[in-house]
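Worksheet for the structure shown next.
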Amino acid sequence: MYSKDQASSIKQSFWTAFGQYMALQPSAEGQRINWVNYKTGIKHLNFKMDAGQKSAAIAIEIVHPDPSIQELIFEQFKEFKNILNGYFEEEWEWELHVSNEYGKTVTRIVKHLYGVNIFKQEDWPDLITFFKVRMVALDQFWDDAQYSFDVFK
C-alpha cells in the first residue's frame, strides 16, 4: 500500500513518462501537442485518460452542467459513430448520464483496459500503448470532425 504522497508521485511519474514518449508524436495537423491535457476547443468536452490499480480508461467526456446539452453533444457524436469506430477499429462504450468519480452527471464514450496497474512499472508499456493508439486516433477523428461541434463552443 502506498501513502497518498507516494501514490501521487508514482502517478505523476507515469504521466510525465507518457508525455515525454508522446512528445515526438505530432498531431494530425503536424503540430506539437500536449497529449496529456488535450484541448478540444469545446468547453465541457474533454478527452480524458485515467489509470488506477486495476484498470485504465480513455474517454470522450461531456461534462456540461446541463444534462440536456450533454445529450445534444452525445447525439452529435452518435452521428459520427461509424466514423469513430473506423478510427478506433474497435467498439467503445456509450454512456449517457452516468455519475463520475465526483458524483457529477457526465456523458461519455469510453474504452477500458483491465488487468493493468499504474503502480506496477512493468505495466507501463501496456498503458502507454493503450493510451497512445487511442489518443492518436481521437486526434485524427477530431481533426476531421471538430467543426461539426462548433455550435457548442
Worksheet, complete the sentence: Listed by first then second residue, the pairs whose first member lies in segment 1-24 and is over 14 Å from N117 (Cβ atoms), whose partner is assigned to a loop (DSSP other than H, G, I, E, B), with beta carbons under 6 Å and at least 6 positions apart or on separate chains, are W15/V36; G19/V36; M22/W35
Worksheet item: Name the pairs: first residue in segment 74-98 and assigned to a helix (DSSP H, G or I), second residue among the polar types (S, T, N, Q) and surrounded by fewer than 13 Cβ atoms within 10 Å (Cβ to Cβ), Cβ to Cβ under 6 Å, at least 6 apart or on different chains?
Response: none
Worksheet item: So which residues in segment 56-71 are touching a Phe, Trp or Tyr at 6+ places or on another chain (Cβ under 9 Å) and surrounded by 15 or more Cβ atoms within 10 Å (Cβ to Cβ), if there are any at all?
Response: A56, I58, A59, I60, E61, I62, H64
Worksheet item: Does F74 fit the bill of being crowded, with 17+ Cβ neighbours inside 10 Å, in contact with a helix residue (DSSP H, G or I) (Cβ under 8 Å, 6 or more places away or on another chain) and modelled with pLDDT of 95 or more?
Response: no
Practice prompt. Just name the residue that is surrounded by the most Cβ atoms within 10 Å (Cβ to Cβ) out of those in segment 123-139 that are in contact with a helix residue (DSSP H, G or I) (Cβ under 8 Å, 6 or more places away or on another chain) and within 20 Å of S8 (Cα to Cα).
Written response: F131
Discussion item. Please go through (1) outside any helix (DSSP H, G or I); (2) out of contact with any helix residue (DSSP H, G or I) (no Cβ under 6 Å at 6 or more places or on another chain); (3) surrounded by fewer than 18 Cβ atoms within 10 Å (Cβ to Cβ) for V106 and return the number of the only condition it doesn't satisfy.
Written reply: (3)
Item to complete: Using the structure shown, decide if E90 is under 30 Å from K4 (Cβ atoms) and touching a Lys or Arg at 6+ places or on another chain (Cβ under 8 Å).
Response: no
Practice prompt. For K120, state whether it is among the basic types (K, R), under 25 Å from S9 (Cβ atoms) and surrounded by fewer than 16 Cβ atoms within 10 Å (Cβ to Cβ).
Written response: yes
Discussion item. Here's a check for you: in segment 1-51, which residue that is aliphatic (A, V, I, L, M) and in a loop (DSSP other than H, G, I, E, B) is nearest to D139 (Cα to Cα)?
Written reply: A28
Fill in: Checking V133 against (1) of a type outside the set (D, E); (2) free of Cβ contacts under 8 Å to residues at least 60 places away in the same chain; (3) not in a helix (DSSP H, G or I), the condition it does not meet
(3)
Worksheet entry | Test: E91 is farther than 19 Å from Y38 by Cβ, exposed (fewer than 15 other Cβ atoms within 10 Å of the Cβ) and modelled with pLDDT of 95 or more | no
Worksheet item: Applying the selection to segment 52-77, what residues are of a type outside the set (A, V, I, L, M), under 14 Å from W142 (Cα atoms) and under 17 Å from the mean Cα position of the chain (by Cα)?
Response: E61, F77
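The values are calculated or read from the model by the stated rules, or taken from the named source; none is laboratory data. What you see is a predicted model; the values in this text were computed from it and never measured. Heads up, the Cβs are rebuilt from the backbone with ideal geometry, glycines too, and the neighbour counts pull from every protein chain shown.
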